[in-house]
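First comes the structure, then the notes that go with it.
The values are calculated or read from the model by the stated rules, or taken from the named source; none is laboratory data. Source: prediction; values computed, not measured. Because the Cβ atoms are built from the backbone with ideal geometry, glycine has one as well, and the counts that use them run over all protein chains shown. Just so you know, the surface numbers come from the protein's heavy atoms only, side chains and all, with ligands and any DNA or RNA stripped out. Shrake-Rupley method; radii C 1.70, N 1.55, O 1.52, S 1.80 Å.
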Amino acid sequence: MLSAGVPLVGGDQLLLHRRNPSLLLHAFKPIAFSSFIVRSSSSSLKELDISSSSSSEGDDDRQLSSTLSGSVSFPPVKVAKRVVLVRHGQSTWNAEGRIQGSSDFSILTQKGEAQAETSRQMLIDDSFDICFSSPLKRSKRTAEVIWGSRKEEILTDSDLREIDLYSFQGLLKHEGIAKFGAAFGQWQKDAPNFNIDGHYPVRELWTRATSCWNKILVHDSRSVLVVAHNAVNQALVATAMGLGTEYFRILLQSNCGVSVLDFVPRPEGGSPYICLNRLNQTPGSPIAAGSSAGRKAGNRIILVCHGSQGNPEASNFDAGDTSMDMLGIIQSQKTAELLLDLKVKSIVSSPRVTPTETANAIARVQEAAECLGADCLPRYVETKQMKDLDIHDILNRSKKDSVNASSLQSGWINEFEDGLLTELWDRSGTAWKSLLNELSNESEPDNVVVAVGHPIVTVGLLGHCLNLTKDWMGSFHVDAGSISVIDFPDGPSGRGVVRCINYTAHLGRWLIPITKATQGDEEF
(Lines give C-alpha, C1' and ligand atoms only; values in the text may rest on other atoms or scores of the structure.)
Protein backbone atom coordinates (compact mmCIF):
# COMPACT_ATOMS: atom_id res chain seq x y z
CA MET A 1 0.00 0.00 0.00
CA LEU A 2 0.84 3.62 -0.03
CA SER A 3 0.26 4.50 3.57
CA ALA A 4 -0.66 8.07 4.29
CA GLY A 5 -2.02 7.39 7.71
CA VAL A 6 -1.04 6.44 11.24
CA PRO A 7 1.96 4.16 10.70
CA LEU A 8 1.65 2.23 13.95
CA VAL A 9 -1.75 1.00 12.89
CA GLY A 10 -1.26 -0.06 9.29
CA GLY A 11 1.99 1.33 8.01
CA ASP A 12 3.31 -1.76 6.32
CA GLN A 13 0.44 -3.48 4.61
CA LEU A 14 1.23 -4.78 1.19
CA LEU A 15 0.77 -2.81 -1.98
CA LEU A 16 -0.55 -4.95 -4.84
CA HIS A 17 0.11 -4.48 -8.51
CA ARG A 18 -2.70 -3.13 -10.61
CA ARG A 19 -1.36 -4.63 -13.77
CA ASN A 20 -3.02 -7.63 -15.32
CA PRO A 21 -1.25 -10.86 -14.26
CA SER A 22 -0.30 -11.52 -17.86
CA LEU A 23 1.45 -8.15 -17.97
CA LEU A 24 3.65 -8.58 -14.92
CA LEU A 25 7.22 -7.86 -16.01
CA HIS A 26 6.07 -8.08 -19.62
CA ALA A 27 7.61 -6.22 -22.53
CA PHE A 28 6.58 -2.59 -22.78
CA LYS A 29 6.83 -0.12 -25.62
CA PRO A 30 10.25 1.55 -25.54
CA ILE A 31 10.42 5.20 -24.61
CA ALA A 32 11.41 7.01 -27.78
CA PHE A 33 13.89 9.46 -26.27
CA SER A 34 15.93 6.82 -24.44
CA SER A 35 19.37 6.21 -25.90
CA PHE A 36 20.14 3.26 -23.64
CA ILE A 37 20.65 -0.33 -24.63
CA VAL A 38 18.11 -2.20 -22.57
CA ARG A 39 19.14 -5.44 -21.01
CA SER A 40 16.45 -7.96 -20.32
CA SER A 41 16.06 -9.31 -16.84
CA SER A 42 14.78 -12.58 -18.22
CA SER A 43 16.42 -15.76 -17.02
CA SER A 44 18.39 -16.00 -20.25
CA LEU A 45 19.60 -12.39 -19.92
CA LYS A 46 19.25 -11.89 -23.64
CA GLU A 47 20.81 -8.59 -24.66
CA LEU A 48 18.70 -6.53 -27.04
CA ASP A 49 19.37 -3.08 -28.47
CA ILE A 50 15.94 -1.48 -28.41
CA SER A 51 17.05 2.13 -28.28
CA SER A 52 15.29 4.50 -30.61
CA SER A 53 16.63 4.52 -34.12
CA SER A 54 16.75 8.28 -33.91
CA SER A 55 19.00 8.22 -30.86
CA SER A 56 22.67 9.06 -31.12
CA GLU A 57 25.67 8.90 -28.84
CA GLY A 58 25.26 12.60 -28.16
CA ASP A 59 21.68 12.28 -26.91
CA ASP A 60 20.86 13.04 -23.30
CA ASP A 61 21.55 9.82 -21.42
CA ARG A 62 19.86 10.77 -18.20
CA GLN A 63 17.08 8.26 -18.69
CA LEU A 64 17.16 4.54 -18.17
CA SER A 65 14.81 2.30 -20.07
CA SER A 66 12.35 -0.02 -18.40
CA THR A 67 11.43 -1.95 -21.50
CA LEU A 68 11.92 -5.66 -21.03
CA SER A 69 12.46 -8.24 -23.76
CA GLY A 70 10.84 -11.00 -21.74
CA SER A 71 9.30 -11.83 -18.39
CA VAL A 72 10.89 -13.15 -15.21
CA SER A 73 9.15 -16.21 -13.87
CA PHE A 74 9.61 -16.71 -10.14
CA PRO A 75 8.27 -19.68 -8.16
CA PRO A 76 4.74 -19.14 -6.81
CA VAL A 77 4.34 -18.36 -3.11
CA LYS A 78 1.54 -19.86 -1.04
CA VAL A 79 1.28 -16.93 1.38
CA ALA A 80 2.61 -13.38 1.47
CA LYS A 81 6.38 -13.39 1.95
CA ARG A 82 8.56 -10.50 3.06
CA VAL A 83 12.29 -10.57 2.28
CA VAL A 84 14.63 -8.19 4.11
CA LEU A 85 18.01 -7.61 2.42
CA VAL A 86 20.98 -6.30 4.42
CA ARG A 87 24.43 -5.44 3.12
CA HIS A 88 27.37 -6.35 5.39
CA GLY A 89 29.03 -3.74 7.63
CA GLN A 90 32.17 -1.86 6.66
CA SER A 91 35.06 -4.24 5.94
CA THR A 92 38.81 -3.72 6.09
CA TRP A 93 38.98 -3.55 2.30
CA ASN A 94 36.04 -1.11 2.21
CA ALA A 95 38.07 1.15 4.49
CA GLU A 96 41.17 0.79 2.31
CA GLY A 97 39.27 1.44 -0.93
CA ARG A 98 40.30 -1.96 -2.26
CA ILE A 99 38.21 -3.91 -4.79
CA GLN A 100 36.81 -6.93 -2.97
CA GLY A 101 34.63 -8.77 -5.45
CA SER A 102 34.05 -12.33 -4.28
CA SER A 103 37.41 -12.59 -2.49
CA ASP A 104 37.31 -13.55 1.18
CA PHE A 105 40.32 -11.79 2.72
CA SER A 106 38.61 -8.86 4.43
CA ILE A 107 36.78 -8.83 7.76
CA LEU A 108 34.57 -6.30 9.50
CA THR A 109 36.25 -3.21 10.90
CA GLN A 110 35.32 -1.88 14.32
CA LYS A 111 32.96 0.49 12.53
CA GLY A 112 31.49 -2.45 10.60
CA GLU A 113 30.84 -4.34 13.84
CA ALA A 114 29.10 -1.25 15.24
CA GLN A 115 26.99 -0.92 12.08
CA ALA A 116 25.95 -4.56 12.35
CA GLU A 117 24.99 -4.04 15.99
CA THR A 118 22.92 -0.98 15.05
CA SER A 119 21.14 -3.09 12.42
CA ARG A 120 20.56 -5.78 15.03
CA GLN A 121 18.89 -3.22 17.29
CA MET A 122 16.86 -1.90 14.34
CA LEU A 123 15.59 -5.42 13.57
CA ILE A 124 15.50 -6.82 17.12
CA ASP A 125 11.71 -6.84 17.39
CA ASP A 126 11.19 -8.12 13.87
CA SER A 127 10.14 -11.71 13.37
CA PHE A 128 12.17 -13.77 10.91
CA ASP A 129 11.67 -17.42 10.05
CA ILE A 130 15.05 -17.96 8.40
CA CYS A 131 18.31 -16.20 7.53
CA PHE A 132 20.21 -16.70 4.29
CA SER A 133 23.79 -15.39 4.14
CA SER A 134 26.69 -15.13 1.79
CA PRO A 135 29.47 -17.51 2.90
CA LEU A 136 32.09 -14.70 2.80
CA LYS A 137 33.40 -13.73 6.24
CA ARG A 138 32.35 -10.07 6.18
CA SER A 139 28.77 -10.99 5.35
CA LYS A 140 28.49 -14.06 7.55
CA ARG A 141 29.77 -12.11 10.57
CA THR A 142 27.20 -9.39 9.93
CA ALA A 143 24.49 -12.04 9.75
CA GLU A 144 25.64 -13.58 13.04
CA VAL A 145 25.49 -10.21 14.80
CA ILE A 146 22.02 -9.39 13.47
CA TRP A 147 20.66 -12.91 14.00
CA GLY A 148 21.75 -12.76 17.65
CA SER A 149 20.26 -15.41 19.90
CA ARG A 150 17.68 -16.70 17.43
CA LYS A 151 17.72 -20.47 17.43
CA GLU A 152 17.34 -21.19 13.72
CA GLU A 153 20.53 -21.95 11.81
CA ILE A 154 21.87 -19.42 9.31
CA LEU A 155 21.86 -20.91 5.81
CA THR A 156 24.79 -19.92 3.58
CA ASP A 157 24.45 -19.86 -0.19
CA SER A 158 27.44 -19.35 -2.49
CA ASP A 159 25.17 -17.61 -5.03
CA LEU A 160 24.87 -14.76 -2.49
CA ARG A 161 28.61 -14.04 -2.70
CA GLU A 162 29.67 -10.67 -4.04
CA ILE A 163 30.14 -10.03 -7.76
CA ASP A 164 33.03 -11.99 -9.29
CA LEU A 165 35.62 -9.46 -10.50
CA TYR A 166 38.40 -11.88 -11.32
CA SER A 167 41.74 -10.07 -11.94
CA PHE A 168 40.40 -6.82 -10.48
CA GLN A 169 40.04 -8.29 -6.99
CA GLY A 170 42.47 -6.93 -4.43
CA LEU A 171 43.44 -3.84 -6.41
CA LEU A 172 43.29 -0.25 -5.20
CA LYS A 173 41.68 2.21 -7.61
CA HIS A 174 44.98 3.71 -8.82
CA GLU A 175 46.38 0.20 -9.28
CA GLY A 176 43.40 -0.76 -11.42
CA ILE A 177 43.84 2.31 -13.60
CA ALA A 178 47.56 1.69 -14.02
CA LYS A 179 47.25 -2.03 -14.74
CA PHE A 180 44.07 -2.22 -16.82
CA GLY A 181 43.60 1.28 -18.24
CA ALA A 182 40.63 1.30 -20.61
CA ALA A 183 39.12 -1.84 -19.07
CA PHE A 184 39.03 -0.16 -15.66
CA GLY A 185 37.41 2.89 -17.25
CA GLN A 186 34.72 0.69 -18.75
CA TRP A 187 34.08 -0.92 -15.35
CA GLN A 188 33.47 2.55 -13.94
CA LYS A 189 31.42 3.98 -16.81
CA ASP A 190 29.78 1.01 -18.57
CA ALA A 191 29.76 -1.86 -16.08
CA PRO A 192 27.06 -3.97 -17.82
CA ASN A 193 29.31 -4.34 -20.87
CA PHE A 194 32.54 -4.64 -18.88
CA ASN A 195 34.50 -7.79 -19.78
CA ILE A 196 37.45 -9.21 -17.88
CA ASP A 197 39.19 -12.56 -18.19
CA GLY A 198 36.53 -13.60 -20.68
CA HIS A 199 33.64 -12.84 -18.32
CA TYR A 200 30.87 -10.23 -18.11
CA PRO A 201 30.65 -9.88 -14.29
CA VAL A 202 27.44 -7.81 -14.11
CA ARG A 203 25.54 -10.05 -16.53
CA GLU A 204 26.69 -13.13 -14.60
CA LEU A 205 25.54 -11.48 -11.39
CA TRP A 206 22.02 -10.87 -12.74
CA THR A 207 21.74 -14.56 -13.65
CA ARG A 208 22.98 -15.56 -10.20
CA ALA A 209 20.51 -13.21 -8.47
CA THR A 210 17.60 -14.87 -10.29
CA SER A 211 18.88 -18.23 -9.06
CA CYS A 212 18.93 -16.87 -5.49
CA TRP A 213 15.30 -15.80 -5.74
CA ASN A 214 14.29 -19.25 -6.92
CA LYS A 215 15.78 -20.74 -3.74
CA ILE A 216 14.55 -18.06 -1.35
CA LEU A 217 10.97 -18.10 -2.60
CA VAL A 218 10.52 -21.88 -2.46
CA HIS A 219 11.66 -21.99 1.17
CA ASP A 220 8.78 -22.61 3.56
CA SER A 221 8.85 -19.24 5.34
CA ARG A 222 7.01 -15.96 5.46
CA SER A 223 9.66 -13.55 6.74
CA VAL A 224 13.20 -13.96 5.42
CA LEU A 225 16.44 -12.16 6.31
CA VAL A 226 19.15 -12.14 3.61
CA VAL A 227 22.61 -10.76 4.45
CA ALA A 228 24.92 -10.31 1.50
CA HIS A 229 26.85 -7.59 -0.38
CA ASN A 230 26.55 -4.34 -2.30
CA ALA A 231 26.40 -5.55 -5.91
CA VAL A 232 24.48 -8.76 -5.28
CA ASN A 233 21.84 -6.91 -3.23
CA GLN A 234 21.48 -4.42 -6.08
CA ALA A 235 20.97 -7.34 -8.45
CA LEU A 236 18.44 -8.97 -6.11
CA VAL A 237 16.35 -5.79 -5.95
CA ALA A 238 16.60 -5.16 -9.69
CA THR A 239 15.79 -8.72 -10.81
CA ALA A 240 12.82 -8.87 -8.44
CA MET A 241 11.52 -5.62 -9.96
CA GLY A 242 12.15 -6.83 -13.51
CA LEU A 243 14.97 -4.35 -14.20
CA GLY A 244 17.97 -5.19 -16.35
CA THR A 245 21.70 -4.71 -15.91
CA GLU A 246 21.49 -1.02 -16.90
CA TYR A 247 20.26 -0.43 -13.34
CA PHE A 248 23.57 -1.52 -11.81
CA ARG A 249 24.77 1.28 -9.47
CA ILE A 250 21.38 3.03 -9.71
CA LEU A 251 19.77 1.45 -6.60
CA LEU A 252 22.29 2.21 -3.83
CA GLN A 253 23.18 -0.30 -1.11
CA SER A 254 25.17 1.17 1.81
CA ASN A 255 26.97 -0.77 4.53
CA CYS A 256 24.24 -2.42 6.65
CA GLY A 257 21.55 -0.72 4.56
CA VAL A 258 18.18 -2.51 4.71
CA SER A 259 15.94 -3.09 1.69
CA VAL A 260 12.56 -4.81 1.83
CA LEU A 261 10.64 -6.68 -0.88
CA ASP A 262 7.15 -8.14 -0.57
CA PHE A 263 5.95 -11.13 -2.59
CA VAL A 264 2.19 -11.70 -2.72
CA PRO A 265 0.54 -14.84 -4.16
CA ARG A 266 -1.68 -14.56 -7.20
CA PRO A 267 -5.16 -16.08 -6.88
CA GLU A 268 -4.50 -18.10 -10.03
CA GLY A 269 -0.98 -19.12 -8.97
CA GLY A 270 2.21 -18.47 -10.87
CA SER A 271 4.88 -15.81 -10.39
CA PRO A 272 3.91 -13.58 -7.42
CA TYR A 273 3.12 -9.89 -7.31
CA ILE A 274 6.22 -7.99 -6.15
CA CYS A 275 6.55 -4.69 -4.29
CA LEU A 276 9.64 -2.75 -3.18
CA ASN A 277 8.64 -1.73 0.33
CA ARG A 278 11.78 0.25 1.04
CA LEU A 279 15.32 0.67 -0.26
CA ASN A 280 18.56 1.16 1.68
CA GLN A 281 17.35 2.17 5.14
CA THR A 282 20.76 2.74 6.73
CA PRO A 283 22.00 2.74 10.35
CA GLY A 284 23.29 6.28 9.74
CA SER A 285 21.72 9.31 8.11
CA PRO A 286 20.65 8.84 4.48
CA ILE A 287 21.71 12.40 3.68
CA ALA A 288 25.21 12.23 5.17
CA ALA A 289 27.98 13.62 2.99
CA GLY A 290 29.58 10.99 0.83
CA SER A 291 29.43 9.38 -2.55
CA SER A 292 26.80 7.72 -4.72
CA ALA A 293 28.03 4.63 -6.53
CA GLY A 294 31.61 5.76 -5.90
CA ARG A 295 31.12 9.31 -7.18
CA LYS A 296 30.83 12.54 -5.20
CA ALA A 297 27.22 13.62 -4.96
CA GLY A 298 26.40 17.27 -4.34
CA ASN A 299 23.17 17.63 -6.31
CA ARG A 300 20.13 15.86 -5.01
CA ILE A 301 16.36 15.82 -4.97
CA ILE A 302 14.65 14.75 -1.75
CA LEU A 303 11.08 13.50 -2.04
CA VAL A 304 9.10 14.00 1.15
CA CYS A 305 5.70 12.43 1.79
CA HIS A 306 3.60 14.90 3.73
CA GLY A 307 2.65 14.20 7.34
CA SER A 308 -0.42 12.31 8.46
CA GLN A 309 -3.74 14.11 8.01
CA GLY A 310 -6.64 14.57 10.37
CA ASN A 311 -10.30 13.67 9.75
CA PRO A 312 -9.72 10.00 8.76
CA GLU A 313 -13.40 9.50 7.93
CA ALA A 314 -13.38 11.99 5.09
CA SER A 315 -12.95 10.88 1.50
CA ASN A 316 -9.38 11.20 0.29
CA PHE A 317 -9.49 14.60 -1.27
CA ASP A 318 -12.27 16.17 0.71
CA ALA A 319 -9.52 15.80 3.32
CA GLY A 320 -6.78 16.97 0.98
CA ASP A 321 -7.01 20.44 2.45
CA THR A 322 -7.18 19.22 6.04
CA SER A 323 -4.38 20.20 8.40
CA MET A 324 -2.02 17.58 9.75
CA ASP A 325 -2.99 15.72 12.87
CA MET A 326 -0.59 15.50 15.83
CA LEU A 327 1.23 12.53 14.32
CA GLY A 328 1.67 14.45 11.07
CA ILE A 329 3.09 17.44 12.95
CA ILE A 330 5.62 15.16 14.65
CA GLN A 331 6.51 13.50 11.34
CA SER A 332 7.11 16.83 9.60
CA GLN A 333 9.20 18.09 12.51
CA LYS A 334 11.33 14.93 12.50
CA THR A 335 11.86 15.30 8.76
CA ALA A 336 12.84 18.95 9.22
CA GLU A 337 15.37 17.95 11.89
CA LEU A 338 16.87 15.29 9.60
CA LEU A 339 17.27 17.75 6.73
CA LEU A 340 18.94 20.33 8.99
CA ASP A 341 22.30 18.73 8.13
CA LEU A 342 21.76 19.80 4.50
CA LYS A 343 21.68 23.32 3.17
CA VAL A 344 18.41 23.21 1.25
CA LYS A 345 18.15 25.76 -1.56
CA SER A 346 14.48 25.41 -2.43
CA ILE A 347 11.38 23.56 -1.25
CA VAL A 348 8.63 22.80 -3.74
CA SER A 349 5.25 21.53 -2.62
CA SER A 350 1.75 20.83 -3.74
CA PRO A 351 -0.50 23.82 -2.99
CA ARG A 352 -2.69 21.65 -0.74
CA VAL A 353 -2.73 22.36 3.00
CA THR A 354 -0.94 19.26 4.29
CA PRO A 355 2.05 19.37 1.89
CA THR A 356 2.31 23.13 2.41
CA GLU A 357 2.38 22.71 6.20
CA THR A 358 5.09 20.05 5.87
CA ALA A 359 7.12 22.30 3.55
CA ASN A 360 6.79 25.26 5.90
CA ALA A 361 7.97 23.16 8.85
CA ILE A 362 11.11 22.19 6.92
CA ALA A 363 11.73 25.80 5.83
CA ARG A 364 11.37 27.17 9.38
CA VAL A 365 13.96 24.77 10.76
CA GLN A 366 16.31 25.43 7.82
CA GLU A 367 16.15 29.17 8.39
CA ALA A 368 16.78 28.66 12.12
CA ALA A 369 19.99 26.72 11.39
CA GLU A 370 22.25 29.47 12.77
CA CYS A 371 20.54 29.77 16.14
CA LEU A 372 20.23 25.97 16.33
CA GLY A 373 24.00 25.66 15.93
CA ALA A 374 23.82 23.78 12.63
CA ASP A 375 25.35 26.58 10.54
CA CYS A 376 27.49 29.64 11.12
CA LEU A 377 25.56 31.75 8.65
CA PRO A 378 21.85 32.45 8.22
CA ARG A 379 20.10 30.39 5.57
CA TYR A 380 17.41 31.51 3.21
CA VAL A 381 15.18 28.88 1.70
CA GLU A 382 12.96 29.62 -1.27
CA THR A 383 9.57 27.94 -0.99
CA LYS A 384 7.39 27.42 -4.05
CA GLN A 385 4.14 25.73 -4.91
CA MET A 386 3.98 23.50 -7.97
CA LYS A 387 0.58 22.74 -9.43
CA ASP A 388 1.82 19.53 -11.06
CA LEU A 389 2.49 18.09 -7.59
CA ASP A 390 -1.23 18.43 -6.85
CA ILE A 391 -3.32 15.39 -7.84
CA HIS A 392 -6.46 16.45 -5.92
CA ASP A 393 -8.66 16.66 -8.98
CA ILE A 394 -7.60 13.24 -10.32
CA LEU A 395 -8.08 11.40 -7.04
CA ASN A 396 -11.41 13.12 -6.55
CA ARG A 397 -12.61 11.40 -9.75
CA SER A 398 -11.45 7.96 -8.60
CA LYS A 399 -13.50 5.38 -6.72
CA LYS A 400 -13.66 6.46 -3.10
CA ASP A 401 -15.21 3.58 -1.21
CA SER A 402 -11.86 2.27 0.10
CA VAL A 403 -9.75 5.42 -0.18
CA ASN A 404 -9.70 7.82 2.76
CA ALA A 405 -7.55 10.46 4.36
CA SER A 406 -5.76 8.08 6.72
CA SER A 407 -4.44 5.50 4.32
CA LEU A 408 -4.51 4.04 0.86
CA GLN A 409 -5.15 0.35 1.33
CA SER A 410 -3.43 -2.51 -0.45
CA GLY A 411 -4.61 -2.63 -4.03
CA TRP A 412 -5.05 1.17 -4.03
CA ILE A 413 -4.10 1.29 -7.68
CA ASN A 414 -7.24 -0.67 -8.57
CA GLU A 415 -9.23 2.41 -7.54
CA PHE A 416 -8.15 4.13 -10.73
CA GLU A 417 -9.42 3.55 -14.22
CA ASP A 418 -6.66 3.36 -16.78
CA GLY A 419 -7.36 6.87 -18.00
CA LEU A 420 -7.01 8.36 -14.51
CA LEU A 421 -3.85 6.37 -13.88
CA THR A 422 -2.44 7.78 -17.11
CA GLU A 423 -3.29 11.30 -15.91
CA LEU A 424 -1.50 10.63 -12.61
CA TRP A 425 1.53 9.31 -14.45
CA ASP A 426 1.67 12.15 -16.97
CA ARG A 427 1.28 14.82 -14.32
CA SER A 428 4.03 13.33 -12.18
CA GLY A 429 6.20 13.24 -15.32
CA THR A 430 5.68 16.96 -15.86
CA ALA A 431 6.49 17.57 -12.19
CA TRP A 432 9.68 15.51 -12.47
CA LYS A 433 10.90 17.60 -15.43
CA SER A 434 10.16 20.75 -13.44
CA LEU A 435 12.16 19.45 -10.47
CA LEU A 436 15.14 18.71 -12.73
CA ASN A 437 14.89 22.25 -14.10
CA GLU A 438 14.74 23.58 -10.55
CA LEU A 439 17.91 21.64 -9.70
CA SER A 440 19.63 22.93 -12.86
CA ASN A 441 18.67 26.55 -12.24
CA GLU A 442 20.61 26.79 -9.00
CA SER A 443 23.93 28.57 -9.46
CA GLU A 444 26.03 26.80 -6.83
CA PRO A 445 27.64 23.40 -7.52
CA ASP A 446 25.97 21.61 -4.60
CA ASN A 447 22.21 22.02 -4.74
CA VAL A 448 19.42 20.37 -2.79
CA VAL A 449 15.78 20.59 -3.85
CA VAL A 450 13.04 19.20 -1.59
CA ALA A 451 9.68 18.21 -3.09
CA VAL A 452 6.71 17.62 -0.77
CA GLY A 453 3.56 15.87 -1.88
CA HIS A 454 1.10 13.01 -1.59
CA PRO A 455 2.55 9.45 -1.45
CA ILE A 456 1.20 8.70 -4.94
CA VAL A 457 3.12 11.70 -6.27
CA THR A 458 6.31 10.30 -4.72
CA VAL A 459 5.69 6.96 -6.43
CA GLY A 460 5.18 8.69 -9.78
CA LEU A 461 8.33 10.79 -9.40
CA LEU A 462 10.39 7.72 -8.52
CA GLY A 463 9.02 5.93 -11.57
CA HIS A 464 9.99 8.77 -13.87
CA CYS A 465 13.43 9.03 -12.28
CA LEU A 466 13.97 5.34 -13.12
CA ASN A 467 12.37 5.78 -16.55
CA LEU A 468 9.69 3.19 -15.90
CA THR A 469 6.12 3.18 -17.17
CA LYS A 470 2.82 3.68 -15.36
CA ASP A 471 2.51 -0.11 -15.03
CA TRP A 472 5.25 -0.01 -12.39
CA MET A 473 3.35 2.36 -10.07
CA GLY A 474 2.03 -0.58 -8.09
CA SER A 475 5.59 -1.78 -7.49
CA PHE A 476 6.54 0.81 -4.87
CA HIS A 477 5.47 1.53 -1.31
CA VAL A 478 5.93 4.78 0.61
CA ASP A 479 4.61 5.91 4.00
CA ALA A 480 3.49 9.24 5.41
CA GLY A 481 6.48 11.13 6.79
CA SER A 482 8.99 9.11 4.76
CA ILE A 483 11.74 10.50 2.57
CA SER A 484 13.31 9.20 -0.63
CA VAL A 485 16.67 10.58 -1.79
CA ILE A 486 17.96 10.82 -5.36
CA ASP A 487 21.56 11.89 -6.01
CA PHE A 488 22.96 13.29 -9.25
CA PRO A 489 26.73 12.59 -9.07
CA ASP A 490 27.13 13.62 -12.72
CA GLY A 491 25.12 16.82 -12.25
CA PRO A 492 21.43 17.58 -12.88
CA SER A 493 21.70 16.46 -16.50
CA GLY A 494 23.07 13.05 -15.51
CA ARG A 495 21.32 9.94 -14.31
CA GLY A 496 19.75 9.89 -10.87
CA VAL A 497 21.12 7.41 -8.33
CA VAL A 498 18.47 6.37 -5.81
CA ARG A 499 20.07 6.57 -2.36
CA CYS A 500 16.98 5.42 -0.47
CA ILE A 501 13.23 4.92 -0.85
CA ASN A 502 10.68 5.13 1.98
CA TYR A 503 13.24 5.94 4.69
CA THR A 504 11.49 6.26 8.06
CA ALA A 505 14.20 5.65 10.68
CA HIS A 506 14.32 9.39 11.43
CA LEU A 507 10.80 9.17 12.88
CA GLY A 508 12.18 7.55 16.05
CA ARG A 509 9.48 5.80 18.06
CA TRP A 510 7.04 6.56 15.23
CA LEU A 511 9.10 4.80 12.55
CA ILE A 512 7.48 2.16 10.35
CA PRO A 513 8.50 -1.35 11.50
CA ILE A 514 10.43 -3.45 8.99
CA THR A 515 8.26 -6.47 9.75
CA LYS A 516 5.43 -7.30 12.12
CA ALA A 517 3.32 -10.30 13.01
CA THR A 518 1.22 -11.36 10.03
CA GLN A 519 -2.53 -11.11 10.33
CA GLY A 520 -3.49 -12.83 7.11
CA ASP A 521 -2.19 -14.21 3.87
CA GLU A 522 -2.54 -10.91 2.04
CA GLU A 523 -1.20 -8.46 4.62
CA PHE A 524 1.72 -7.81 6.95
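Scan the range 476-524 for residues that are under 12 Å from Gln331 (Cβ atoms), open to solvent by 40 Å² or more (accessible area, probe 1.4 Å) and modelled with pLDDT of 85 or more and report the count. Selection size over the range 476-524: 0. Residues that are more than 20 Å from the chain's Cα centre (by Cα) and buried (at least 19 other Cβ atoms within 10 Å of the Cβ) were ranked within the range 424-440; the one that is farthest from Glu382 (Cα to Cα) is Leu424.
Restricting attention to the range 149-166 and to residues that are at pLDDT 95 or above and exposed (fewer than 15 other Cβ atoms within 10 Å of the Cβ), the residue that is nearest to the chain's Cα centre (by Cα) turns out to be Ser158. Screening Ile124, Ile107 for residues that are under 24 Å from the mean Cα position of the chain (by Cα), open to solvent by 60 Å² or more (accessible area, probe 1.4 Å) and on the phi < 0 side of the Ramachandran plot leaves exactly one candidate, Ile124. The set of residues from the range 197-251 being within 24 Å of Ile177 (Cα to Cα) and open to solvent by 10 Å² or more (accessible area, probe 1.4 Å) comprises Asp197, Gly198, His199, Tyr200, Arg203, Glu204, Asn230, Glu246, Phe248, Arg249.
Of everything in the range 210-237, what is assigned to a loop (DSSP other than H, G, I, E, B) and either small (Gly, Ala, Ser) or in contact with a helix residue (DSSP H, G or I) (Cβ under 8 Å, 6 or more places away or on another chain) (or both)? Give them in sequence order. Can you show your working first?
The first filter runs over the range 210-237 and keeps only residues assigned to a loop (DSSP other than H, G, I, E, B), leaving 219-222, 229.
Ser221, His229 - these are the residues of the range 210-237 that are assigned to a loop (DSSP other than H, G, I, E, B) and either small (Gly, Ala, Ser) or in contact with a helix residue (DSSP H, G or I) (Cβ under 8 Å, 6 or more places away or on another chain) (or both).
If you go through the range 98-127 and keep only what is in contact with a helix residue (DSSP H, G or I) (Cβ under 8 Å, 6 or more places away or on another chain), part of a loop (DSSP other than H, G, I, E, B) and not polar (S, T, N, Q), you end up with Ile99, Gly101, Asp104, Phe105, Ile107.
Among the residues making up the range 446-462, those that are closer than 22 Å to Gly298 by Cα and within 15 Å of the chain's Cα centre (by Cα) are Thr458, Leu461, Leu462.
Condition check ((1) among the polar types (S, T, N, Q); (2) touching an Asp or Glu at 6+ places or on another chain (Cβ under 6 Å)) across all residues:
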position	(1), (2)
Arg82	no, yes
Ser106	yes, no
Ala114	no, no
Ser139	yes, no
Thr142	yes, no
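Could you look through the range 362-400, keep only residues that are farther than 18 Å from Ser428 by Cβ and in contact (Cβ under 8 Å) with a residue 40 or more places away in the chain, and pick out the one that is most open to solvent (accessible area, probe 1.4 Å)? Looking at residues that are farther than 18 Å from Ser428 by Cβ and in contact (Cβ under 8 Å) with a residue 40 or more places away in the chain, I get Lys400.
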